[in-house]
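Student: Can you keep this structure in mind? I'll have questions shortly.
The values are calculated or read from the model by the stated rules, or taken from the named source; none is laboratory data. Just so it is clear, the model here is predicted, and its values are computed rather than measured. Here the Cβ positions follow ideal geometry from the backbone for every residue, glycine too, while neighbour counts run over all protein chains shown. Note: areas computed on protein heavy atoms with side chains; ligands, DNA, RNA excluded. Shrake-Rupley method; radii C 1.70, N 1.55, O 1.52, S 1.80 Å.
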Amino acid sequence: MKGKIKFIQENGEWSNSSGTFNKFQVQFDDGKTYQFLAKGQFKKQIGDLVDYEVTNQQYGTAKLVYTQPQTNGVSKDQMIVSQSSIRTSAEFHKHRLSSTIDDVLRDAQKIIDAVNK
């Protein structure tokens, strides 16, 4: 579910084997109110649009749902390959005084292409 936060109120503590959590009553702009648990302060603010999941309708509890944003359609694994390839190329070129950034990036792309074959 999605909702825009209208009101947040701290509402005591709750403990289990995972630790002690602060309880927060959160009201959304559609009038629905749910109780959320947080270590420390509630991580969102009034006016934020959030994704959440109702965990128990009877008790009115919910949890925030975090989604990983895609970076320009590039996967996390591909970003790691690119970063490590650039670093490898930079290490290769660091003692070559005539190397330019274009040389580093060109060789990094060769490494990326070899990894992705």
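Student: Of the candidates Lys94, Lys32, Lys43, which one comes out as most mobile in a Gaussian network treatment of the chain with C-alpha springs shorter than 10 Å?
Tutor: Among Lys94, Lys32, Lys43, the largest GNM mean-square fluctuation belongs to Lys94.
Student: What does the charge count around Ala38 come to, taking other residues whose C-beta lies under 12 Å from its C-beta (Lys +1, Arg +1, Asp -1, Glu -1)?
Tutor: +3
Student: Given springs between every Cα pair under 10 Å in a Gaussian network model of the chain, which of Gln45, Gln78, Gln25 has the largest fluctuation?
Tutor: Result for the chain, Cα springs under 10 Å: Gln78 fluctuates most.
Student: Anything over 27 Å Cα to Cα? Flag those among Lys6/Lys39; Lys32/Lys76; Lys23/Lys76; Lys76/Lys117, in the order listed.
Tutor: Cα-Cα > 27 Å for Lys32/Lys76; Lys23/Lys76; rest within.
Student: So which residue, out of Ala38, Ala62, Ala90, gets the largest mean-square fluctuation from a GNM of the chain using Cα contacts under 10 Å as springs?
Tutor: Top of the fluctuation ranking is Ala90.
Student: Against the globular-protein guess of 2.2 N^0.38 Å, express the Cα radius of gyration of the chain as a ratio, rounded to two decimals.
Tutor: Cα Rg divided by the expected 2.2 N^0.38 Å: 1.75.
Student: Follow-up question, since we're still on this one. Could you sort Ser82, Ser15 by accessible area so the largest value comes first, with the probe set to 1.4 Å?
Tutor: Accessible-area ranking of Ser82, Ser15, largest first: Ser15, Ser82.
Student: Turning to a different aspect of this structure: Using Cα-only point scatterers and the Debye equation, what is log10 of I(q)/I(0) for segment 12-66 at each q in 0.15, 0.16, 0.22 Å⁻¹, rounded to two decimals?
Tutor: After summing over all Cα pairs, the log10 values are -0.42, -0.48, -0.90.
Student: Averaged per residue, what accessible surface does the chain expose to a 1.4 Å probe, in Å²?
Tutor: 74 Å²
Student: Carbon and sulfur together cover what percent of the accessible area of the chain at a 1.4 Å probe radius?
Tutor: 51 percent
Student: While we're on this one: Pairs of Cα atoms under 8 Å, at least six residues apart: use those to get the relative contact order of the chain, whole percent.
Tutor: Relative CO of the chain lands at 18 percent.
Student: For Lys110, tell me the accessible area in Å² from a 1.4 Å probe, rounded to the nearest 10.
Tutor: 120 Å²
Student: Top to bottom by accessible area (1.4 Å), largest first, where do Asp107, Asp30, Asp77 land?
Tutor: Highest to lowest solvent-accessible surface, that is Asp77, Asp30, Asp107.
Student: Chymotrypsin sites (Phe, Trp or Tyr not before Pro) within segment 19-117: which are DSSP loop residues with at most 12 other Cβ atoms inside 10 Å?
Tutor: Passing both the DSSP loop test and the Cβ count: Tyr59, Tyr66.
Student: Please get the size of the charge dipole for the chain, origin at its Cα centre, with Cβ charges of +1 on Lys and Arg and -1 on Asp and Glu, quoted in debye to the nearest 20.
Tutor: Dipole size: approximately 80 debye.
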